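Report on the following structure.
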Amino acid sequence: MLYDVVRTEEKMLAKAADRKNIDLNMICSKDLYLDLHKDYQEKFGDIVLQRCVSYFRSIHITAFLESKGVKVVNGLHEAFTAGNKLNSTLKMVNAGIPVPKTYLAFTQESSLKALEELGYPAVLKPTMGSWGRLIALMNDSESAESILEDREHMFPIYQNYYIQEKVKRPPRDIRAFVIGDKVVAAIYRISAEGVWKTNTARGGKAENYPVTNELEDLCLRAATAMGEGLFGVDLMESPDGLLVHEVNNTIEFRNTVPITGVDIPSLMLDYLIDLKH
Ligand SMILES: Nc1ncnc2c1ncn2[C@@H]1O[C@H](COP(=O)(O)OP(=O)(O)O)[C@@H](O)[C@H]1O
Ligand SMILES: [Mg+2]
């Protein structure tokens, strides 16, 4: 397992490996240096579980290891697709999966034009990011102008404007966990008082959501659109049914395990062991 920060999830994975007698070697990516001319298959064993929090670090290491013939989960294709909201949304649009109406623009002026077409309220998201960071609600053209102006002073990566309709949903969304070809658990995330985002990183409260056929079908289609591996699928209940608004590449499950009773870290390890055979 490659990591950079030991979160509760990494500890849960290590404990699950212990229980299952799996020889899990934890490698801190911060201590790692890699020689492009060397062979790494022996050092990295049968399979690498990629758990780095830093997205750019993780895709660099995954690219390196894959080119050396090491199997990494999630693979580079999946990490590149699910780790970027533009890539993942495009894959889902092409697969006919219902997603919120979304535009892409590159300047303040063209974004405001896109917003006129889309209508308000709308949501601005960085194409790469998580935990609700830098996701801004634009209620009208005045607030959109100020938010976009702020972005113009940030790193160029924040000037790829992913603009989405604000979905009329209840104050909650759904997070489902896909392991290979199974949806193993799902939760409602109910937003904290006065917070419009539902991320548990922003105080969203988790409640069990029994996996329905509709949810399972949508999540498996969303996961297949990314490739194959471990995914966290975010969905919203719109007036027209479920919409998928995000697929996450490195799943966080610390709140889901106690609420659903599903041992997600064990199931992840089972999946990896199965891949080996
Ligand atoms: N289009 C939208 N309409 C309404 N709420 C949204 C929309 N997009 C995101 N949100 C809210 O913001 C949260 C974070 O958005 P998300 O796209 O999942 O990005 P992140 O990678 O930061 O989790 C969602 O869980 C949801 O509560
Ligand atoms: Mg999300």
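Would region 2-81 count as rounded, prolate or oblate if I go by the C-alpha gyration tensor, calling it rounded below 1.5 in a/c and otherwise prolate when a/b exceeds b/c, oblate otherwise?
Prolate shape, in that a/c is at least 1.5 and a/b is the bigger ratio.
If each residue of separation counts as 0.36 nm, what is the full-extension length gain between K15 and K30 once their alpha-carbon separation is subtracted?
The K15-K30 span can extend by a further 3.2 nm.
Residue by residue through region 228-242, what is 3J(HN,Hα) from phi via Karplus (6.51 cos²θ - 1.76 cosθ + 1.60, θ = phi - 60°)? Round to whole Hz and write x for glycine and proline.
Whole-Hz 3J(HN,Hα) from phi for region 228-242: 8, x, 10, 9, x, 9, 9, 10, 10, 8, 8, x, 9, x, 6.
Give the share of C-alpha pairs in each 5 angstrom bin for the chain, from 0 to the last occupied bin, in whole percents, shortest bins first.
1, 6, 12, 16, 18, 17, 13, 9, 6, 3, 1, 0
So how strong a dipole does region 1-105 carry about its Cα centre when Lys and Arg Cβ are +1 and Asp and Glu Cβ are -1, to the nearest 20 debye?
420 debye
Measuring from label point to label point, each 7 Å out along Cα→Cβ, what is the S110 to V93 span in nm?
1.3 nm
At R0 = 30 Å, how high is the FRET efficiency between L137 and H60 if r is their beta carbon distance? Nearest 0.05 is fine.
On the way: r = 33 Å, r/R0 = 1.09.
According to the calculation, E is roughly 0.35.
Within region 247-270, which residues have the backbone N less than 12 Å from the label spot 7 Å out from K276 along Cα→beta-carbon, could you tell me?
Once the point is set 7 Å along Cα→Cβ of K276, 269-270 turn out to lie under 12 Å by backbone N, inside region 247-270.
Find how much the distance from I47 to K182 grows on full extension, using 0.36 nm per residue of separation minus their present alpha carbon separation; answer in nm with one decimal. Walk me through the numbers on the way to the answer.
Values: separation 135, 0.36 × 135 = 48.60 nm, distance 2.01 nm.
Difference between extended and current length: 46.6 nm.
Where a number appears in this text, it was derived from the coordinates with a stated rule and is not lab data. Quick caveat: nothing in here was measured; it's all calculated off a predicted structure. Because the Cβ atoms are built from the backbone with ideal geometry, glycine has one as well, and the counts that use them run over all protein chains shown.
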